[in-house]
1. Could you list, ordered by first residue, the pairs with Cβ atoms under 6 Å in which the first is in the stretch B:186-204 and over 22 Å from B:ASP174 (Cα atoms) and the second is charged (D, E, K, R) and modelled with pLDDT under 95, at least 6 apart or interchain?
2. Of all residues in the stretch D:89-103, which are among the basic types (Lys, Arg) and free of Cβ contacts under 8 Å to residues at least 60 places away in the same chain?
3. Tell me, yes or no, whether the stretch C:42-57 has at least one residue that is within 20 Å of D:ARG225 (Cβ to Cβ) and away from chain D (no Cβ under 14 Å).
4. Spot the failing condition for C:ALA253; the list is (1) touching a residue at least 40 places away in the same chain (Cβ under 8 Å); (2) within 16 Å of D:ALA291 (Cα to Cα), and only one is missed.
5. Which of the residues belonging to the stretch B:13-22 are crowded, with 24+ Cβ neighbours inside 10 Å and touching a Lys or Arg at 6+ places or on another chain (Cβ under 7 Å)?
6. Kindly list, by first and then second residue, each pair from a residue in the stretch C:259-272 that is within 21 Å of D:CYS203 (Cα to Cα) to a residue that is not in a loop (DSSP other than H, G, I, E, B), limited to pairs with Cβ atoms under 6 Å and residues at least 6 apart or on different chains.
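The values are calculated or read from the model by the stated rules, or taken from the named source; none is laboratory data. Quick caveat, the model's predicted, so the values are computed rather than measured. Virtual Cβ from ideal backbone geometry, glycine too; neighbours counted across all protein chains shown. Ligands, DNA and RNA are stripped out before the accessible areas are found, and what is left, the full protein with its side chains, is counted by its heavy atoms. Shrake-Rupley method; radii C 1.70, N 1.55, O 1.52, S 1.80 Å.
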Number of protein chains: 4
Amino acid sequence: MSGNTFGVLYCVTSFGESHGPAYGGVVDGCPPGLELKNEDLQKELDRRKPGSSRHVTQRRESDAVEILSGVFEGRTTGAAIGFLVRNEDARSKDYSAIAEKFRPGHADYTYWQKYGVRDARGGGRASARETVVRVAAGAIAKKWLKERYGVVIRGCLAALGKNEIPFQSWGEVDRNPFFMANAALVKKMEAFMDELRESGDSCGARVNVVAEGVPVGWGEPVYGRLDADIAAAMMSINAVKGVEIGAGFAAIAQKGSEHGDEMTPQGFVSNNNGGVLGGISTGQAVTVSIALKPTSSIRLPRRTIDKSGRATTVETTGRHDPCVGIRATPIAEAMLACVLMDHALRHRAQCGDVTPPTRLSR
Amino acid sequence: MSGNTFGVLYCVTSFGESHGPAYGGVVDGCPPGLELKNEDLQKELDRRKPGSSRHVTQRRESDAVEILSGVFEGRTTGAAIGFLVRNEDARSKDYSAIAEKFRPGHADYTYWQKYGVRDARGGGRASARETVVRVAAGAIAKKWLKERYGVVIRGCLAALGKNEIPFQSWGEVDRNPFFMANAALVKKMEAFMDELRESGDSCGARVNVVAEGVPVGWGEPVYGRLDADIAAAMMSINAVKGVEIGAGFAAIAQKGSEHGDEMTPQGFVSNNNGGVLGGISTGQAVTVSIALKPTSSIRLPRRTIDKSGRATTVETTGRHDPCVGIRATPIAEAMLACVLMDHALRHRAQCGDVTPPTRLSR
Amino acid sequence: MSGNTFGVLYCVTSFGESHGPAYGGVVDGCPPGLELKNEDLQKELDRRKPGSSRHVTQRRESDAVEILSGVFEGRTTGAAIGFLVRNEDARSKDYSAIAEKFRPGHADYTYWQKYGVRDARGGGRASARETVVRVAAGAIAKKWLKERYGVVIRGCLAALGKNEIPFQSWGEVDRNPFFMANAALVKKMEAFMDELRESGDSCGARVNVVAEGVPVGWGEPVYGRLDADIAAAMMSINAVKGVEIGAGFAAIAQKGSEHGDEMTPQGFVSNNNGGVLGGISTGQAVTVSIALKPTSSIRLPRRTIDKSGRATTVETTGRHDPCVGIRATPIAEAMLACVLMDHALRHRAQCGDVTPPTRLSR
Amino acid sequence: MSGNTFGVLYCVTSFGESHGPAYGGVVDGCPPGLELKNEDLQKELDRRKPGSSRHVTQRRESDAVEILSGVFEGRTTGAAIGFLVRNEDARSKDYSAIAEKFRPGHADYTYWQKYGVRDARGGGRASARETVVRVAAGAIAKKWLKERYGVVIRGCLAALGKNEIPFQSWGEVDRNPFFMANAALVKKMEAFMDELRESGDSCGARVNVVAEGVPVGWGEPVYGRLDADIAAAMMSINAVKGVEIGAGFAAIAQKGSEHGDEMTPQGFVSNNNGGVLGGISTGQAVTVSIALKPTSSIRLPRRTIDKSGRATTVETTGRHDPCVGIRATPIAEAMLACVLMDHALRHRAQCGDVTPPTRLSR
């Protein structure tokens, strides 16, 4: 299947461009009977919405979502769920200055070479605005996972540029514009962002996502591993350059005697494996960490070429996030939710008759 | 599709267990006309073969591969390519001591909970011996990519436990038992491994893989990004806990003015994006780095539980790699080759009529 | 992938219910550079539109389609093409009388048992109104196949109930409300339909579809045969109960010396195989014939049960086609177009480098 | 995914050529815990084996199957099930006379044009010998469906050339070499076949397959309809030119008042829909009928061309079935079993939490 659909049983299909009339998606495979209304999607969409603070793009989009199918009398029917988000504040003229040039770090050049055409307005299909579809689809998955299995998926900003942000409390995450789980650093990060914005430059970020309550047994060996599908889902988010599960790259320097999570009758003693062993969930929290590169659209002049291959420079003056990672938390949560839901369905398809022989405490 | 097949157009299907009669695979979608013989697969299989030095498992397997279909008079016909590798040196009795216990860091517990059954012999389906199938399938992909597009895929060990191994030369990689691209450090690493083996413990590793010569344009936005498929393929390799493309996690601390690869008429000035922008190859080298956790099978006693949930300890005395990362290089190369070949085919399906408007030097 | 998407490379995803706000779809995998505007889809949608004569349902729908993405400056970009058709004339109250009963021949009972919920309004997701999505997706495929390969896809009504309708000329098809390729029988069929409608009953139909200009070589053995995919596509159309390729069921009574199409330097002498041999197109016309069952919604009283399992009777008084086969021609054409386009792309993915050794005249 | 794999959750992958070393397959997605041994597959393979009577090809193959993975201590583990059938009696020299010509009705020409190469020995990949893989995979599905859901799948020869063979009793099917459910006609059919074989010609056949005990609710609207997947599976069998579900083509001439299966508290009154409504099983028997064309390999001279395009004639003197339909019954059963099992798994993935509100008697 082509690149705009993902999932085996919980399938998400996406369409839309930054400056086209609308984004939309189709969620296929959702079990029937789930209570669902526009607000369930809207709530999550509002978390990633642009324009919500001075630290993100000032494009004004209400991101109002309309469910078009698959719901009858307030509950899912098992039919495909179509939904639509109209674009409202596209300013295509912002892009006239750059239509003939390639912005470094952007997909302008690769799309143009691949397809032979280029929709320069706001990144076209490559725009991170496409993540509205992911967040809407993820909202459904989150709700189902919570209601059916008690799975709770949460994320937070773990680093903003060079600033590490230690985890303190999930309760903080929705109280600051950065999705930081740390109240003490909010002011410092605001100052950091103000300065960064002022400088015309941008920075990268790290986002951590955790799913708690995942039952043991989700995931398919060998190529359909839970962590493999998570890795793909995360790496498919715009600007992501790295994915870790559990100890991630720190595992390189660990000894086996340190890394391998010991087990006791009370459960696992540690979680270096990030809740996945052999591609199958262990019953512990599934922990994922991703690296987002700095926004490519910056106001500083950069060397590039134009469509004729001639050397030139480019500055990007449209409305952009100085750190795309800031709004990435709800997106990463959504992708994790979609993958987990897909595997929940896949697991019960093949192993619906298995009674797990025993179970550790979490 | 279920978990033992991957790829959209270049599809690899795998079967086999560590102590069963054989491993085998089916490669579907290979273009016709490629010269192919057993030796083409054997050459790569010999690179990952166990028992090739004292630093890896002493299990003795010739890993002799037999192509069973899809080749006629020395060339691929376009039909499915089936191949088989018989197991020769399985010693199932090694496992009797641990059949009732779960080895920390292994998939014993998760398989048992998921499927309700447990093949304790050598990890069963979860064994890293499954990678013979990947390497065989990758050998075909490598050969086709090289002959058809001039793509060259190479990898090397970049860290062995805490020891960073700076890259010096591709020429060294096949001259030492570690796939190190650095002659100067071989002795030191041999001593390190001897000491590690002596201690009964294990360590992690980093492997870097690079594909040079990839044309601009491979990869499908949005969910079918080239880097997303690479991430899945790499994370599906046994023991991998992290994947980076280009700058990877280092991108977090970069500024946009530093990360975004500038372009000149002579080509890109840097390659922080690892040869992929917007999920589509740029024409630069595709660079991937993976983290492998330390081998879970160690001789040191570890706390665990048995099938009844009672506390016990376990030591693993079978024949194991003290560092699974050592043999991972050909496997990672193979997975990258399979993904690239899949995308080469997918690209020409959709964009076979596009003449890339212009092209930077590499 | 779940049931609302079909195709491997030319992927069509569908959503919508008969009495919901809208139908819509996403076409993924269309090559870039194809000229495309709303009218290209509208033209085909108008052919299957309800209310176009007294012989079909009197529901009044303009079926106005809006392309929402994937097209820039009048040409496809290679991105997913989303489109929307709003429902305008749903009269849900027509269904209140039958909400508690199961209509014989309808999917009411099976949907209810499968999903545990029932959207009784107009068949919900099971309504044949879903075929707007197919026709829209097929319009794109038809256009591309025509422009890129010269493929022409046409269909006609070949039997209306017991009345066989001999083929005379493609030119007639769009000149009568039945898609008959036979001018002489139009009056007779109008009388037949008037009488049928009067009686409150319904009848079945046969529709033939032909694709001319298909190059030799499309289709994948073994399970991905061109004819297998055509069979699935046709059988997935509402009310279809049978599919034939070439001689179809007549082949049972043929001798091998009669059926096997002889070849001469001027081409094949006959076309019993319907343009497909071994699952691969021969270069001849691909010929398909389908059987559509009589409309299940009739005004005559029928025995059934209600939701409590009690015996009752039901008459269906909503607005329905007395013969669903009448409007099936553009739908069958569309499905054939989608399958052919999918295989055109699949073929050039795997065999893009093959020069067909020789070629018969058509 | 490419053409040698089918199924979404119960996935069958196939490889092998008529005159290569072996056929083999991989079944992925089978639930764990199913008792399975070589004999379970062998039993079904023996039913389709060549050389079992004078009415079929005299090629002598034991078709001995070896399960290579996925089974541990006599039960499936949930891992991929690989299996192998070695070819034993390939006589490639039989084909030297025809290596330069195209046999009418065969895939010689289309394979050659598609792939640019031709394995003329026994049809290569296009040989109906590939159906060993289907039958082996179907044997597993049949067993699971029977044990888990009580589904019984049976087929019989319903017409041999122009001879209709009325159904009398399932008990007869395995007592004659034709899979006829009619003892009275066996002698007549033997005489018919002797005469046919004598004449050097071949004939077509009709095979009916029935699945009893299928629960209500299997199948996915819209494109993933149960009957659509059945149609594809059947049409993918070598020589099949037509597929019917339920009333099939007879539905064309039916009135709605005749076709629509009425319901009473005791169940459906008739089964014109063949056990499928809206693409979802009704709980009635799923009834399928297929048309198989006459064998293309006949001893009578036929006009054709050679590789240079010159006119010539060809006679096929290898060992062939004078009616491929005779051995098609177990193959059609197998394909139906695979599709039903796939949908059983898909159904419980999405609707595993649904309690069917009520249920008709069968």
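1. Pairs found: B:GLY200/B:ARG299.
2. Step one: of the stretch D:89-103, the residues among the basic types (Lys, Arg) are D:91, D:93, D:101, D:103.
Matches in the stretch D:89-103: D:LYS93 only.
3. Just the residues of the stretch C:42-57 that are within 20 Å of D:ARG225 (Cβ to Cβ), to begin with: C:48.
With the extra rule that they be away from chain D (no Cβ under 14 Å), the set shrinks to C:48.
Scanning the stretch C:42-57 turns up at least one residue that is within 20 Å of D:ARG225 (Cβ to Cβ) and away from chain D (no Cβ under 14 Å).
4. For C:ALA253, the failing item is (1).
5. We begin by selecting, within the stretch B:13-22, every residue crowded, with 24+ Cβ neighbours inside 10 Å; these are B:13-17, B:20.
The one that is crowded, with 24+ Cβ neighbours inside 10 Å and touching a Lys or Arg at 6+ places or on another chain (Cβ under 7 Å): B:GLU17.
6. C:HIS259/C:ALA251; C:ASP261/C:PHE268; C:GLU262/D:ARG302; C:GLU262/D:ARG303; C:MET263/D:THR304; C:MET263/D:ILE305; C:ASN272/C:HIS259
A quick yes/no check of all residues on (1) closer than 20 Å to A:LEU145 by Cα; (2) assigned to a loop (DSSP other than H, G, I, E, B); (3) in contact with a His (Cβ under 9 Å, 6 or more places away or on another chain); (4) among the acidic types (Asp, Glu):
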| position | (1), (2), (3), (4) |
| --- | --- |
| A:PHE15 | no, no, no, no |
| A:PRO31 | yes, yes, no, no |
| A:LYS43 | yes, no, no, no |
| A:ARG60 | no, yes, no, no |
| A:SER69 | no, yes, no, no |
| A:ASP89 | no, yes, no, yes |
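For every residue, the table says whether it meets (1) in contact (Cβ under 8 Å) with a residue 24 or more places away in the chain; (2) within 14 Å of chain D (Cβ to nearest Cβ); (3) touching a Pro at 6+ places or on another chain (Cβ under 9 Å); (4) surrounded by fewer than 23 Cβ atoms within 10 Å (Cβ to Cβ).
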| residue | (1), (2), (3), (4) |
| --- | --- |
| C:THR77 | yes, no, yes, no |
| C:ASN87 | yes, no, yes, yes |
| C:GLY105 | yes, yes, yes, no |
| C:LYS114 | no, yes, yes, no |
| C:VAL135 | yes, yes, yes, no |
| C:LYS143 | yes, no, no, yes |
| C:TYR149 | yes, no, yes, yes |
